[in-house]
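Asker: Below you'll find the structure I mean.
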Amino acid sequence: MKNSLQLVAAALAVVVLSGCANTPSAPYNYTEYKLSNPKSILVLPPVNKTPEVRAPYSMLSQVTFPLAESGYYVLPVSLVDETLKENGVTQAQDAHELPSAKLREIFGADAALYITMTQYGTVYLLLDSHTTVSAEARLVDLKTNKVLWAGKASASTAEKQNQNQGGLAGMLITAIVKQIVGTVTDESHPMAGLASQRLLSAGNVNGMLFGPRSPNYNKAADKPR
């Protein structure tokens with residue numbers, strides 16, 4: 001009897017813990033976002049916290065699409081980068097530290113998007129290798145300097161990878177080959193595109209809101225990321 005009660009208690013504990021693990025995140029507070037109602041976005045060069053020098057360029061080249069599709073006017077990223085360099089700002093970190101008022105004076109945008117690359121590249125594991133891209137972002141009102149929204153997203157080849165059935169030796173060889181191919185062909189670039197979609201496309205839970213150029217403008221964000 002005692003053993004049965006212990007088993008029941010253990011089962012209940014598992015159920016409770018599972019319920020806690022699956023608890024949805026709290027809704028994002030969009031009060032400041034809605035009050036600001038940004039129409040144009042300045043995307044600053046991403047800060048790179050990865051060993052890959054190409055990480056910020058890969059992400060920057062793909063962020064315009066999801067933002068434009070979400071209903072915002074996005075200042076051309078190449079023009080922004082060139083303008084910053086002409087003004088002596090050659091490092092992304094320096095661009096991120098510029099005063100909001102100065103950025104608004106130069107570019108005339110309503111809000112600025114600050115992106116930080118936290119992971120980019122193919123990593124060799126014991127029995128496999130995965131290409132993963134992760135990034136964080138903040139949307140800041142350039143008139144008030146208030147953070148309107150913040151989020152993060154990742155994309156990895158591991159998401160759709162089939163389990164290898166070639167035995168231990170085959171798995172080791174496959175992992176090494178995948179790492180080499182992933183690095184040489186820059187498999188991270190399409191992953192950066194997917195991560196940018198997840199990070200910046202409006203309509204995701206706790207994601208960005210639709211902009212005024214979208215037919216979904218002022219509709220709730222209700223699509224899971």
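Asker: Looking only at residues that are buried (at least 20 other Cβ atoms within 10 Å of the Cβ) and in contact (Cβ under 8 Å) with a residue 40 or more places away in the chain in the range 67-83, which one is nearest to D110 (Cα to Cα)?
Answerer: Out of the qualifying residues, it is Y72.
Asker: Quick one: in the range 21-45, which of the residues that are modelled with pLDDT under 95 and of a type in the set (S, T, Y) is surrounded by the most Cβ atoms within 10 Å (Cβ to Cβ)?
Answerer: Among those residues, the one meeting the criterion is Y28.
Asker: Looking at A137, A92, A112, A150, which one is farther than 22 Å from K34 by Cβ and modelled with pLDDT of 95 or more?
Answerer: On the way: A137 fails: farther than 22 Å from K34 by Cβ; A112 fails: farther than 22 Å from K34 by Cβ; A150 fails: farther than 22 Å from K34 by Cβ.
Testing whether each residue is farther than 22 Å from K34 by Cβ and modelled with pLDDT of 95 or more leaves just A92.
Asker: Output the residues belonging to the range 68-105 that are of a type in the set (A, V, I, L, M) and farther than 13 Å from L44 by Cα. Working first, answer last.
Answerer: Step one: of the range 68-105, the residues of a type in the set (A, V, I, L, M) are 68, 74-75, 77, 79-80, 84, 89, 92, 95, 98, 101, 103.
Those that are of a type in the set (A, V, I, L, M) and farther than 13 Å from L44 by Cα: A68, A101.
Asker: Do we have any residue at all in the range 52-67 that's over 17 Å from the mean Cα position of the chain (by Cα) and of a type in the set (A, V, I, L, M, F, W, C)?
Answerer: Among the residues of the range 52-67, at least one is over 17 Å from the mean Cα position of the chain (by Cα) and of a type in the set (A, V, I, L, M, F, W, C), which makes the answer yes.
Asker: Select from the range 194-215 the residues that are more than 16 Å from S61 (Cβ to Cβ) and either under 14 Å from the mean Cα position of the chain (by Cα) or surrounded by fewer than 17 Cβ atoms within 10 Å (Cβ to Cβ) (or both) and list them in ascending order.
Answerer: R198, S201, A202, N204, V205, N206, G207, M208, P212, R213, P215
Asker: Report, ordered by the first and then the second residue, all pairs with beta carbons closer than 9 Å, sequence separation of six or more or different chains, a first member in the range 94-120 that is of a type in the set (V, I, T), and a second member that is loosely packed, with under 13 Cβ neighbours inside 10 Å and not in a strand (DSSP E or B).
Answerer: Every condition considered, the pairs that remain are I106/N87.
The values are calculated or read from the model by the stated rules, or taken from the named source; none is laboratory data. All values derive from a computational prediction rather than experimental measurement. Positions of Cβ are generated from backbone atoms using ideal geometry, with glycine treated the same way; all protein chains shown enter the neighbour counts.
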